[in-house]
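Laboratory data are not the source of any read-out in this text; all were calculated from the coordinates shown. As the structure is a prediction and not an experimental result, all values here were calculated from the model. Note that each Cβ is placed from the backbone with ideal geometry, even for glycine, and that neighbours are counted across all protein chains shown.
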């Protein structure tokens with residue numbers, strides 16, 4: 001007798017043609033075995049012979065009684081269900097889709113099958129709005145949605161959410177589905193993360209449309225308005241970004257929300273380049289709200305409210321160089337945030353993965369022998385300033401003494417990431433959820449967790465709050481966070497002078513020379529020439545390239561005072577913000593300072609960084625921003641051997657260019673007051689010989705300066721890690 005088991009194995013393994021042959025022989029020998037007709041039909045269907053499949057399935061109906069036929073049809077449906085489960089477990093999505101299509105023909109109102117079919121269509125990029133209408137899906141979901149398990153429904157809605165952002169039918173389906181969800185707010189927040197994921201592509205248009213879809217479900221949810229404002233602003237649509245920021249503030253209820261609401265509004269205003277009365281009013285309002293909050297600290301904040309406080313003061317260093325005042329507010333806000341976060345349900349769930357209360361036993365301290373496990377936490381290890389500046393470090397880590405673990409939080413693994421970071425790591429993790437990342441870091445037995453985001457991103461800050469590693473430090477990012485769970489802030493003697501000790505809650509760890517080194521920058525092919533810009537060959541070109549946040553009116557006045565005293569000079573201005581607002585600002589101040597607008601040249605940002613650097617070589621002198629200096633721009637300028645004028649301040653952000661210039665052996669252009677800034681700008685503009693001397697120094701420094709020796713810098717950083725670990729008790 002022909003072996004049935006062989007036929008079943010062939011069917012399960014995807015060898016459909018031989019399975020057909022065996023089942024046909026089996027049926028010929030014993031036509032009463034109904035299961036063989038079912039399997040024969042499946043084998044036909046899965047090799048694309050749909051008519052033959054129907055013939056095989058319906059043949060038994062010719063000799064069965066009505067009662068037997070009904071039982072047979074039910075067993076056939078059960079068989080189809082079983083085979084789809086098997087096919088889906090094997091990730092044979094197309095075959096599973098075929099079977100579910102036929103199941104739908106037998107049972108068009110079976111909601112669970114229809115939901116599974118739609119999910120397969122989404123995976124296979126087959127779903128169309130017309131299909132949902134044809135299947136009367138909304139009507140079926142409304143009738144039978146309550147019968148679905150919570151897990152099935154949530155999984156389905158998450159899959160459906162990002163489909164066709166501009167189609168109302170998808171939104172309407174989601175509306176109906178949400179009626180049967182217990183935690184609508186939690187699910188909408190997951191929807192918003194799905195919308196955010198589209199920025200990795202980047203596809204901001206879809207991200208905006210999907211965020212607007214979320215607002216249909218929860219029109220007063222603050223994170224959605226913040227996200228929508230950020231998305232609009234990031235792609236230069238500043239007017240709708242400002243409207244969304246204002247809506248955020250309209251829906252704020254408690255003090256903590258209102259404090260952060262001003263931050264959302266400041267971002268929308270300042271990104272477009274606005275530093276006028278409305279911005280000043282926002283700062284005044286936020287200061288008043290902070291004082292009220294700190295006078296009576298709230299200890300019942302939600303997770304979202306608490307997280308936001310850590311980054312609420314983000315914009316202050318862009319407009320004033322007053323670290324004493326900044327840290328007098330930032331430190332207690334961060335402490336209040338940590339206190340609240342640890343007390344939330346999430347905080348309690350993450351307590352087993354925290355070193356807040358777990359002693360550092362001798363066993364723990366020696367668990368890796370002489371090898372330290374270093375974790376780097378960031379959402380910026382991509383084509384971002386942080387990514388460009390720290391990429392060289394990972395090539396030089398001593399992999400015998402240090403195991404490197406990368407944690408990409410809310411960022412895609414881009415080609416840049418794959419090229420510069422993944423090959424130099426022992427492990428890496430990428431995801432969106434703090435609740436997943438904190439246990440991962442703890443279970444990876446990280447000894448030192450290095451935060452690269454500083455106070456720029458609340459997800460990273462929340463990870464630090466839970467202290468999943470025994471030592472935590474901030475390096476390279478925007479600044480320290482003030483979070484009590486962070487042990488160190490890594491700098492150098494220039495960027496963090498002795499008086500900085502009084503400001504920071506973290507212990508300052510100064511590297512011996514410079515807090516950052518790079519091996520250089522790729523330079524592309526220039527796309528601009530002087531003649532393209534109508535600038536004479538013998539003219540002196542000043543240059544600035546900063547986003548709207550850094551365009552400070554007082555610094556701009558100083559820059560025009562320089563131009564006014566240097567004949568035959570021009571100002572190249574690379575704008576990122578609302579062009580009309582920024583041009584009006586630049587032209588109005590130029591006229592007020594007696595500089596003709598004919599000497600200004602406004603440039604768009606280049607398509608890529610190498611081209612930007614190639615075009616930067618047009619400049620004779622780069623004029624730095626203040627009170628927030630350049631970092632990447634400064635390093636690019638020095639690498640290209642271009643003189644730089646910078647004003648040195650008190651805060652970390654006002655001393656970046658200072659430490660880079662000193663470590664490159666340059667003092668020409670270092671100003672300790674606004675008048676010195678103007679004087680140096682004029683001196684360098686009038687003295688071509690001095691400019692050449694600076695260029696020569698910068699060229700020679702490439703061979704000797706610690707600024708351009710990442711291998712040497714890495715040894716200093718590794719020694720710091722080892723000493724931190726040795727001092728841990």
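Taking a ≥ b ≥ c as the square roots of the eigenvalues of the alpha-carbon gyration tensor, the range 350-510 is classed rounded because a/c is under 1.5.
Counting only alpha carbon atoms, the long axis of helix 222-234 and the longest principal axis of the chain meet at about 60°. Take every pair of alpha-carbon atoms less than 8 Å apart whose residues are at least six positions apart; their mean separation over the length of the chain yields a relative contact order of 9 percent. Centroid-to-centroid, using Cα positions, the range 574-645 and the range 680-729 are 23 Å apart.
Put simply, when 84-93, 398-407, 443-452, 109-118 are sorted by average Cβ atoms within 10 angstrom per residue, most first, you get 443-452, 109-118, 398-407, 84-93. Short-range pairs are left out: with C-alpha atoms under 8 Å and at least six residues apart, the relative contact order of the range 25-80 is 28 percent.
By the beta-carbon count within 10 Å of each Cβ, the least crowded to most crowded order of 258, 557, fewest first, is 557, 258. Exposure proxy ranking for 395, 510, based on other Cβ atoms within 10 angstrom of each Cβ and starting from the fewest, stands as 395, 510. Between 0 and 90 degrees, the angle of helix 150-160 with respect to the longest Cα principal axis of the chain falls at about 60 degrees.
Students often check this: by mean Cβ neighbours within 10 Å, which of 354-360, 322-328 ranks highest, and how do the rest follow?
Per-residue mean Cβ counts within 10 Å order the peptides as 322-328, 354-360.
Taking packing as the residue-averaged number of other Cβ atoms within 10 angstrom, the listed peptides 303-309, 710-716 run from highest to lowest as 303-309, 710-716.
Would you compute, from DSSP H runs of 4+ residues alone, the mean residue ellipticity of the chain at 222 nm, taking -39500 (n - 2.57) per run and dividing by the full residue count, rounded to the nearest 500? Dividing the helical sum by the residues of the chain leaves -17000 deg cm²/dmol.
Once both axes come from the Cα atoms, what is the angle between helix 579-592 and the longest principal axis of the chain, in degrees from 0 to 90, rounded to 10? Helix 579-592 sits roughly 10 degrees off the main axis of the chain.
Let a ≥ b ≥ c be the square roots of the eigenvalues of the Cα gyration tensor of the range 536-708; is it rounded (a/c under 1.5), or, if not, prolate (a/b larger than b/c) or oblate? Note, shape of the range 536-708 comes out rounded. Calculated over the range 252-343, the projected area of the Cα convex hull averaged across directions stands at 5.6 nm².
Quick one: order 153, 313, 178 by neighbouring beta-carbon count within 10 Å, fewest to most.
Ordered by Cβ neighbours within 10 Å, fewest first: 178, 153, 313.
What shape does the range 363-448 take by its C-alpha gyration tensor, where a ≥ b ≥ c are the square roots of the eigenvalues and a/c under 1.5 counts as rounded, a/b above b/c as prolate, and the rest as oblate? Oblate shape, in that a/c is at least 1.5 and b/c is the bigger or equal ratio.
The range 232-282 and the range 50-106 have Cα centres lying 58 Å from one another.
When mean projected area of the Cα convex hull in nm² is calculated for this entry, the matching label among (1) 38.5; (2) 31.2; (3) 34.2 is (1). Note on the range 506-521 and the range 313-371: Cα centroid distance 22 Å, given to the nearest whole angstrom.
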